[in-house]
Amino acid sequence: MRRMDSSFTPVSACQAGSVVEVSGVISSVCLPPVHGTPTLEIDVSDDTGRLTVVWLGRRVIPGIEVGRRIVVTGRLTHGGARPVIYNPTYRLLPQEATGG
């Protein structure tokens, strides 16, 4: 992984109830079964840990894919064993060119 920018909050330093801005890589994308509200869940990883991001009312967001770098901003909660941000603002970062 790339060295973290100091302006972002490392996942390991995120505290429940705080508004955080985290930069990381999308490590998984999950579409839970529909039981009412459509939901899109992703895991975002940085060098210090992983958090879950949940968008309620969405099943697809263009550009959200495993391996893509993303910045998410929102209020952190704890959902079981992992920190969670619901309905964050986000910014997809440019994909890095791979050398060939």
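If amide hydrogens are placed 1.01 Å from N in the peptide plane, which non-local residues have theirs closer than 5 Å to the one on residue 48?
Here 11, 12 satisfy the definition.
So what does log10 I(q)/I(0) come out to for the chain at q = 0.11, 0.14, 0.21 Å⁻¹, using the Debye formula with one equal point on every Cα and no solvent?
Here log10 of I(q) over I(0) equals -0.31, -0.50, -1.08.
Calculate what fraction, in whole %, of the accessible area of the chain sits on carbon and sulfur atoms when a 1.4 Å probe is rolled over the protein chains.
With neighbouring chains kept in place, the figure for the chain is 52 percent.
List the GluC sites (Glu not before Pro) in the range 13-84 that DSSP assigns to loop (not H, G, I, E or B) and whose Cβ has at most 16 other Cβ atoms within 10 Å. Which are they?
Qualifying residues, ordered by number: 65.
Hey, what do the phi angles of the range 19-34 turn into as Karplus ³J(HN,Hα) couplings, whole Hz, using 6.51/-1.76/1.60 and θ = phi - 60°, x for Gly and Pro?
7, 10, 10, 10, 10, x, 10, 6, 9, 7, 10, 10, 10, x, x, 6
For residue 81 and residue 60, what is the calculated FRET efficiency with R₀ set at 25 Å and r taken between the beta-carbons, to the nearest 0.05?
Approximately 0.40, to the nearest 0.05.
Using a 1.4 angstrom probe, figure out how much accessible area the chain has per residue, in square angstrom, rounded to the nearest whole.
Averaged over the residues of the chain, the accessible area is 58 Å².
The values are calculated or read from the model by the stated rules, or taken from the named source; none is laboratory data. All of these numbers come straight from a predicted model, not from anything done at the bench. Don't worry about glycine lacking a Cβ; one is built from the backbone with ideal geometry, like all the others, and counts go over all protein chains shown. The accessibility values were calculated without ligands, DNA or RNA, using every heavy atom of the protein model including side chains. Shrake-Rupley method; radii C 1.70, N 1.55, O 1.52, S 1.80 Å.
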